[in-house]
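*Asks:* Shown below is the structure under consideration.
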Amino acid sequence: MQRPDWAPDTIDIERPSVARMYDYYLGGSHNFAADRAAARAMVEAVPEAPLMAQANRAFLRRAVQFLAESGVRQFLDIGSGIPTVGNVHEIAQRIDPECRVVYVDVDPVAVAHSREILAGNERATVIQEDLRRPAEILAHPEVTRLLDFDQPVAVMIVAVLHFVPDADRPEEILRTLRAALAPGSYLVMSQASDDDRGETGERAEAERVYRHTDSQLWIRSRAELSALFAGFELIDPGVVWVPQWRPESPEQAEDAAKAVFIGGVGRLGG
Amino acid sequence: MAESSGAGRSCPGAFARAWAKAVSGTSYLPMTQAQLEALLQRLTGRLAAAIQSEPFDLRIGQQVGAELVQAHIASAEGLGRTVEVIQLRLVRDLGLVADDVEDRMARLLATVATGYARALRDRTLDEQESIRRAAMMARAQAERALRESEARFRHQATHDPLTDLPNRTLFTERLAAAIAGADRVGVCFLDLDRFKVVNDSLGHQIGDLLLVSVAQRLRRALGEHLVARLGGDEFVILVESTAGTDDAVRVAEAALAAVSEPALVDGHELTVSASIGIVERPAAGTSPMELMRAADSTLHWAKAAGGARWSIFDADRNRRELARYALSAAIPAALDRGEFYLDYQPLTSLRDGRVLGMEALVRWRHPELGVLRPDSFIGLAEETGLIVRLGAWVLAEACREARGWADVAGDAPFVSVNLAVQQVRRPGLVDEVRDLLRRTGLPPGRLQLEITESTMMSTAEEPVRALRVLADLGVRIAIDDFGTGYCNLAYLRDLPVTELKVAGEFVTGLRAPADDPASRTDERILASLVSLAHALKVTVTAEGVETAEQAERLRAIGCDAAQGWHFGRPGPARQHLDRSPALTGTTV
């Protein structure tokens with residue numbers, strides 16, 4: 001039967017999901033054969049891929065910790081993926097149980113899994129929405145129920161912006177989100193970059209791997225990502241390789257040369 | 001032993017730091033380096049205890065392995081490096097002393113690896129199970145959403161958005177099922193009477209609200225019977241498994257009663273009535289299309305009978321109507337095949353018996369039905385608009401034939417042609433007539449156009465102007481059947497009418513003896529008409545003159561001409577042209 005265009009997508013676990021591939025890089029088992037095959041192809045192309053994912057995850061942890069310690073109590077994590085270890089709500093609620101977290105992902109399996117993980121947590125929830133439709137995210141009843149946009153909110157767009165090509169107008173997405181935020185809010189972003197990595201053919205190979213997944217890869221330079229922080233004041237040290245962002249020890253920053261993710265945190269003044 | 005006891009839990013020793021360094025990067029560790037070192041420092045104490053325990057305790061090593069996995073140091077590399085660092089450094093860094101230390105180390109590593117592998121396997125299985133459950137839940141959710149949107153789509157496709165009643169699609173489906181599943185079936189076609197008036201006077205919004213209200217009342221009154229809205233103010237009711245016509249009639253009566261309840265619509269109290277066409281018949285051999293069509297035509301009978309009633313389908317009547325319809329549909333082909341021809345009836349002067357003119361009367365030589373007179377097909381042609389083509393043919397043929405009538409002394413009769421209202425309203429009438437006259441060479445004065453009073457009444461300004469142009473050309477304009485309509489004298493003043501043809505009804509009265517009071521009245525009316533017409537310089541022709549007495553009395557009144565059996569029945573032109581005035585039967 002020809003599926004009419006008003007019908008929602010079904011779940012196809014034969015098609016690699018970037019959320020589950022990421023889980024595999026992090027050492028999780030929340031993935032299926034197709035995800036693992038694609039992730040292994042990626043590791044072949046870019047052997048550091050798992051390390052990159054770990055470094056990015058560590059950046060997320062440090063960023064949330066920093067924000068919670070700076071007094072932020074509300075988090076909107078867009079592109080949250082498969083909740084595996086060290087989720088935003090775990091980190092934030094350990095610092096203050098009152099912290100409220102809304103996870104957003106477009107992958108229905110990731111959302112179903114998150115829902116199960118979050119069952120019973122009154123201050124954390126998950127919705128299925130697309131980063132490319134920020135107005136719908138902001139208007140979602142779960143979002144408006146849990147988050148008070150008159151108070152600072154930290155918007156996390158971590159390791160997901162490289163699935164949003166320029167054609168999807170990321171600057172407009174961010175403008176929409178920014179317009180909803182109160183002064184004192186934060187924006188956390190990281191994404192894949194090939195700045196300083198030279199011409200190794202990795203990028204083409206990585207893009208080829210992701211062509212067969214549910215999302216296409218869109219690499220950005222540090223300058224491009226910095227530009228997307230428009231309207232926010234970048235917190236020191238700005239947009240850097242993620243291991244260099246406020247490392248807990250000098251050794252942690254050593255891997256910077258091998259990093260593939262760049263990231264930063266911006267604050268909305270006012 | 002010195003370091004193990006002195007290290008405590010707060011300050012990681014060299015071994016714990018080395019261990020932390022070895023495992024970092026083997027998998028994602030959701031903790032700071034300090035937290036990791038603290039954790040491993042604690043586990044270092046457990047390992048030291050295990051290696052020295054007496055007797056050797058298998059459980060400690062296994063627990064350490066499991067705890068590593070729980071702390072997310074959970075990868076093959078994590079285990080490999082752990083084994084390596086314990087083997088290489090534990091005894092040395094902690095200064096442990098035991099007799100059989102190598103033996104104990106081997107057993108310790110075995111237990112750690114066992115506990116680790118077991119925990120990792122459990123964790124893997126748990127995660128696989130949880131992601132599969134999530135995929136299943138997501139799939140169920142997607143399928144539910146699909147079903148819901150399909151149901152919504154199906155509802156939209158099968159229901160009328162205004163009233164939420166089933167629409168034609170659903171009704172036809174249910175009707176087909178009813179036909180397949182029962183011996184008899186009934187359909188009631190319902191249409192509101194004069195609904196257009198509500199729309200026109202109160203607006204479409206009120207009209208729509210009224211339809212919603214009618215839909216609600218029908219649904220409430222008819223309970224189990226399916227009520228659908230076909231569009232506009234048309235509803236249809238399915239009466240399943242009827243035992244006979246009475247079952248359908250009962251439903252129709254309930255529907256009429258429900259519709260006629262007064263309804264308050266947006267502050268207006270509206271009372272409407274409806275007409276219903278009922279078809280109830282055995283299911284075998286019928287189809288939804290046929291039933292709907294039959295119910296629809298039956299509805300029109302109820303409407304034609306005045307509305308606020310039901311009618312039952314009558315096969316004979318339907319056959320007649322179908323035959324009539326088939327006849328009208330055959331007109332274009334019959335025109336192409338030349339099946340039409342003209343007969344003529346003379347308009348005879350009452351003064352000298354001369355044939356002044358001849359009225360063209362169309363005939364259809366139907367290949368199966370024989371010669372048909374206009375009353376069997378003109379009405380249909382008017383309803384279907386075919387009258388325009390047929391009328392144009394009649395006009396052209398009459399002009400062509402009239403041109404051939406010998407005009408020896410300039411007294412050849414004019415030809416009188418009936419024009420239907422649609423012909424008069426057509427914008428091209430003037431050009432058509434002018435072109436015909438030019439082509440045939442017929443002098444304009446030898447063409448008379450007959451239009452009825454009702455045509456005049458329903459005619460707008462533009463066609464009146466066209467008639468005036470034609471009159472100016474010299475074409476004669478006659479009012480046909482005068483006296484049966486409104487007898488509006490205004491157009492006699494406004495239009496260059498040349499002749500009034502007085503309807504046969506008045507002439508019929510003249511058959512009675514002259515002293516009969518009714519007859520006297522008709523005679524006086526006719527006399528007044530004649531004198532009025534003459535005052536307006538309009539001649540008068542009496543129609544339906546059948547006897548010499550009638551002719552004589554009309555002549556006495558001053559009537560100019562007469563038409564009727566007494567002066568000649570319709571027939572070929574030749575037969576009237578050959579006839580001498582003496583033979584026409586007038587007493588002149």
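*Asks:* First compute the accessible area of chain A with a 1.4 Å probe, then give the percent of it belonging to carbon and sulfur atoms.
*Replies:* After summing per-atom areas, the C and S share lands at 48 percent.
*Asks:* What do you get for the angle between helix B:33-52 and the principal long axis of chain B? Use alpha-carbon atoms, 0 to 90 degrees, nearest ten.
*Replies:* It is inclined by approximately 50 degrees.
*Asks:* Any chance you could check the stretch B:16-35 for residues losing 30 Å² or more of accessible area when the partner protein chains are in, compared with the chain on its own (1.4 Å probe)?
*Replies:* Buried by the other chains: B:G25, B:Y28, B:P30, B:T32, B:Q33.
*Asks:* Does anything in the stretch B:59-82 have its amide N under 16 Å from the 7 Å Cα→Cβ label point of B:R118, and if so which residues?
*Replies:* B:59-70
*Asks:* Scaled to the compact-protein estimate 2.2 N^0.38 Å, what is the alpha-carbon radius of gyration of chain B, rounded to two decimal places?
*Replies:* Relative to the 2.2 N^0.38 Å estimate, chain B comes out at 2.05.
*Asks:* Between 0 and 90 degrees, rounded to the nearest ten: what's the tilt of helix B:76-85 against the longest Cα principal axis of chain B?
*Replies:* Between the helix axis and the principal axis of chain B, the angle is about 10 degrees.
*Asks:* Would you kindly compute the Cα radius of gyration of the stretch B:326-583 and its largest Cα-Cα separation (Dmax), both in Å?
*Replies:* 18.1, 54
*Asks:* Looking at chain A, what % of its DSSP beta bridges pair antiparallel, to the nearest 5?
*Replies:* Of those bridges, close to 40 percent are antiparallel.
*Asks:* Could you state the per residue volume, in Å³, of the convex hull enclosing the Cα atoms of the stretch B:2-130?
*Replies:* 91
*Asks:* Tell me, what does the Kirkwood hydrodynamic radius of the stretch B:478-575 come to in angstroms if you use every pair of distinct C-alpha atoms?
*Replies:* 13.8
*Asks:* Averaging sequence separations of C-alpha pairs under 8 Å and six or more residues apart, then dividing by the length of the stretch B:326-583, give the relative contact order as a whole percent.
*Replies:* That works out to 21 percent.
*Asks:* Still on this structure: Please figure out what share of the DSSP beta bridges in the protein assembly as shown is antiparallel and state it in percent, rounded to the nearest 5.
*Replies:* Restricted to the protein assembly as shown, the bridges split so that about 55 percent are antiparallel.
*Asks:* Would you compute, from DSSP H runs of 4+ residues alone, the mean residue ellipticity of chain B at 222 nm, taking -39500 (n - 2.57) per run and dividing by the full residue count, rounded to the nearest 500?
*Replies:* -17000 deg cm²/dmol, from helical runs alone.
*Asks:* I want to check the label-to-label distance for B:E150 and B:A333. Put each point 7 Å from Cα in the C-beta direction and report it in nm to one decimal.
*Replies:* 4.7
*Asks:* Using 7 Å Cα-to-Cβ label points, what is the B:Y341/B:L577 separation (nm, one decimal)?
*Replies:* Calculated label separation equals 1.5 nm.
*Asks:* A further question follows. Using a 1.4 angstrom probe, figure out how much accessible area the protein assembly as shown has per residue, in square angstrom, rounded to the nearest whole.
*Replies:* Normalised by residue count, the accessible surface of the protein assembly as shown is 46 Å².
*Asks:* At a probe size of 1.4 Å, how large is the accessible area of A:Y25, to the nearest 10 Å²?
*Replies:* Accessible area of A:Y25: about 20 Å².
*Asks:* When Cβ neighbours within 10 Å are restricted to other protein chains, what is their mean count per residue of peptide A:219-225?
*Replies:* 0
*Asks:* Now, a different point. Using Cα-Cα distances under 8 Å and only pairs 6 or more residues apart, what relative contact order does chain B have, in percent?
*Replies:* Relative contact order, chain B: 9 percent.
*Asks:* Rounded to the nearest 0.05, what FRET efficiency is calculated for B:A110 and A:F149 with R0 set to 41 Å and r the Cβ-Cβ distance?
*Replies:* Efficiency, from the Cβ-Cβ distance: 0.10.
*Asks:* Return the distance in nm (one decimal) between the two label points of a simple spin-label model at A:E122 and B:S287, each offset 7 Å from Cα along Cα→Cβ.
*Replies:* 6.6
*Asks:* Here's another thing I want to ask about it. Roughly how large, in nm² to one decimal, is the mean projection of the convex hull of the alpha-carbon atoms in the stretch B:335-486?
*Replies:* 10.2
*Asks:* Okay, moving on. What are the aspartates and glutamates whose alpha-carbon lies under 19 Å from the alpha-carbon of B:K196, with same-chain residues fewer than 8 places away excluded?
*Replies:* Result set, ordered by chain and number: B:D208, B:D233, B:E234, B:E261, B:D266, B:E269, B:D296.
*Asks:* For B:H72, A:H30, give me the order by solvent-accessible area with a 1.4 Å probe, most accessible first, ignoring ligands, DNA and RNA.
*Replies:* Solvent-accessible surface, decreasing: B:H72, A:H30.
*Asks:* So, one more: Kirkwood-based Rg over Rh for chain A (C-alpha set), two decimals?
*Replies:* Across chain A, the Cα-based Rg/Rh ratio is 0.94.
*Asks:* Report the extension gain between B:T484 and B:A512 in nm, rounded to one decimal, defined as 0.36 nm multiplied by the number of residues separating them, less their alpha carbon distance.
*Replies:* Gain in length upon complete extension: 8.0 nm.
*Asks:* Per 0.36 nm of contour for each residue apart, how much would the distance between B:R365 and B:R42 grow if the chain were fully extended, relative to their Cα-Cα spacing?
*Replies:* Full extension of this stretch gives 104.6 nm more.
*Asks:* Further question: Students often forget the sequence filter, so: which aspartates and glutamates lie under 17 Å Cα-Cα from B:K21 once same-chain residues fewer than 8 apart are removed?
*Replies:* Those aspartates and glutamates meeting the cut-off are A:E248, A:E251, A:E254, A:D255, B:E37, B:E77, B:E84, B:D93.
*Asks:* If you don't mind, another one. Can you pull the Rg over Rh of the protein assembly as shown, Cα-only, Kirkwood?
*Replies:* My calculation of the ratio gives 1.34.
*Asks:* For an R0 of 30 angstrom, estimate the FRET efficiency from the Cβ-Cβ distance between B:L473 and B:R194 and round to the nearest 0.05.
*Replies:* With a Förster radius of 30 Å, E is 0.10.
*Asks:* Okay, next question. For chain B, give me the percentage of DSSP beta bridges that are antiparallel, rounded to the nearest 5 percent.
*Replies:* In chain B, approximately 60 percent of DSSP beta bridges are antiparallel ones.
*Asks:* Would you please give the FRET efficiency between B:W393 and B:E173, computed as 1/(1 + (r/R0)^6) with r the Cβ-Cβ distance and R0 = 56 Å, to the nearest 0.05?
*Replies:* Taking R0 as 56 Å, the efficiency between B:W393 and B:E173 is 0.75.
*Asks:* Kindly express, to the nearest 10 degrees and within the range 0 to 90, the angle between helix B:168-181's C-alpha long axis and the longest C-alpha principal axis of chain B.
*Replies:* The two axes meet at around 90 degrees.
*Asks:* Treat the stretch B:28-86 as a sphere of radius equal to its Kirkwood radius over Cα pairs and apply Stokes-Einstein at 20 °C in a medium of 1.002 mPa s; give the translational diffusion coefficient in µm²/s, rounded to a whole number.
*Replies:* 178
*Asks:* Could you grab the relative contact order for chain A? Cα pairs under 8 Å, six or more apart, rounded to a whole percent.
*Replies:* It comes to 19 percent, rounded to a whole number.
*Asks:* Give me the accessible area buried between chains A and B, both sides summed, with a 1.4 Å probe, in Å² rounded to the nearest 100.
*Replies:* Interface between A and B: roughly 2700 Å².
*Asks:* Also, I was wondering about something else. Can you give the helix-only mean residue ellipticity at 222 nm for chain A, where every DSSP H stretch with n ≥ 4 adds -39500 (n - 2.57) and the sum goes over all residues, rounded to the nearest 500 deg cm²/dmol?
*Replies:* So the calculated ellipticity at 222 nm is -11000 deg cm²/dmol.
*Asks:* Here's a follow-up. How much net charge surrounds B:I479 when only other residues with a Cβ under 10 Å from its Cβ are counted (Lys, Arg +1; Asp, Glu -1)?
*Replies:* Neighbour charge sum, excluding B:I479 itself: -4.
The values are calculated or read from the model by the stated rules, or taken from the named source; none is laboratory data. The model shown is predicted, which means the values in this text are computed figures rather than measured ones. Note that we place each Cβ from the backbone using ideal geometry, even for glycine, and neighbour counts take in every protein chain shown. To get the accessible areas, we keep the full protein, side chains included, count just its heavy atoms, and leave off ligands, DNA and RNA. Shrake-Rupley method; radii C 1.70, N 1.55, O 1.52, S 1.80 Å.
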